[in-house]
1. Can you sort Ser72, Ser77 by how many other beta carbons sit within 10 Å, fewest first?
2. In which sequence would Leu85, Leu116 go, from the one with the fewest C-beta neighbours within 10 Å to the one with the most?
3. How much net charge surrounds Asp153 when only other residues with a Cβ under 11 Å from its Cβ are counted (Lys, Arg +1; Asp, Glu -1)?
4. Sum up the charges of everything whose Cβ sits under 11 Å from the Cβ of Ser110, counting Lys and Arg as +1 and Asp and Glu as -1, but leave Ser110 out.
5. Starting from the Kirkwood Rh over alpha-carbon pairs, what translational D in µm² s⁻¹ does region 44-117 have by Stokes-Einstein at 25 °C and 0.890 mPa s?
6. Looking at region 86-162, what % of the alpha carbon pairs are farther apart than 16 Å?
7. Can you give the FRET efficiency for Arg55 and Ser142, using 1/(1 + (r/R0)^6), R0 = 35 Å, r = Cβ-Cβ distance, to the nearest 0.05?
8. What order do you get for Asp153, Asp114 when you list them from fewest to most C-beta neighbours inside 10 Å?
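Read-outs throughout are calculated quantities, based only on the coordinates presented, and are distinct from any laboratory measurement. The structure displayed is predicted, hence computed values, not measured ones. Please note: Cβ atoms are built from the backbone with ideal geometry, for glycine as well, and neighbour counts cover all protein chains shown.
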Amino acid sequence: MNKKFMAIALASVLAGTLCSFNSASAQRFTTPNDAEDTSGVTQNAIGGADAPGVRLAAFIDGNLGGGTVVRSKGVASFTSPATGLFCIRPSSGINVNNIVPIVSVEQSKSLANDNLVQYRSNGSGCPNGNIAVATFRFNNTSDASGNKFVQADGIAFTIIVP
């Protein structure tokens with residue numbers, strides 16, 4: 001019985017040591033964009049994104065009444081001319097007619113679940129030279145066309161252009 005008790009005690013001490021080591025290691029390797037250190041990240045910040053290997057990257061907080069840039073790379077300007085429509089003007093050197101952007105809903109800053117974000121390759125609703133992105137929220141009742149997803153603000157998203 002004594003050997004079993006010693007083995008359990010030793011295993012507990014070893015497990016606790018490994019857990020505290022992993023926790024300390026994780027805290028040591030933070031970047032300015034990690035949740036632990038947000039001192040360098042401000043709303044409406046054109047710039048501030050660490051995105052090696054891509055021409056454009058942006059984290060957009062699609063708050064009600066338009067959106068704000070949380071951080072970005074390769075973005076010259078940003079507008080929201082209509083509900084659920086976001087226009088991103090890239091910095092010089094990016095031809096919006098030749099890009100293949102990747103967009104994704106960012107859940108932490110979105111106001112609800114069941115959201116969609118879509119890239120509009122035809123740029124519909126945005127000025128020439130802009131990347132058009134539309135955001136949608138699930139609605140239990142269909143609109144006049146029978147759609148259950150309606151264009152909406154309050155949906156945060158990310159976009160990259162490799």
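1. Fewest to most other Cβ atoms nearby, the residues stand as Ser77, Ser72.
2. By the 10 Å Cβ count, ascending: Leu116, Leu85.
3. It works out to a net charge of 0.
4. Its environment carries a net charge of -2.
5. Stokes-Einstein gives a translational diffusion coefficient of 187 µm²/s.
6. Every Cα pair in region 86-162 considered, those over 16 Å come to 53 percent.
7. Using R0 = 35 Å, I get an efficiency of 0.35.
8. Ordered by Cβ neighbours within 10 Å, fewest first: Asp114, Asp153.
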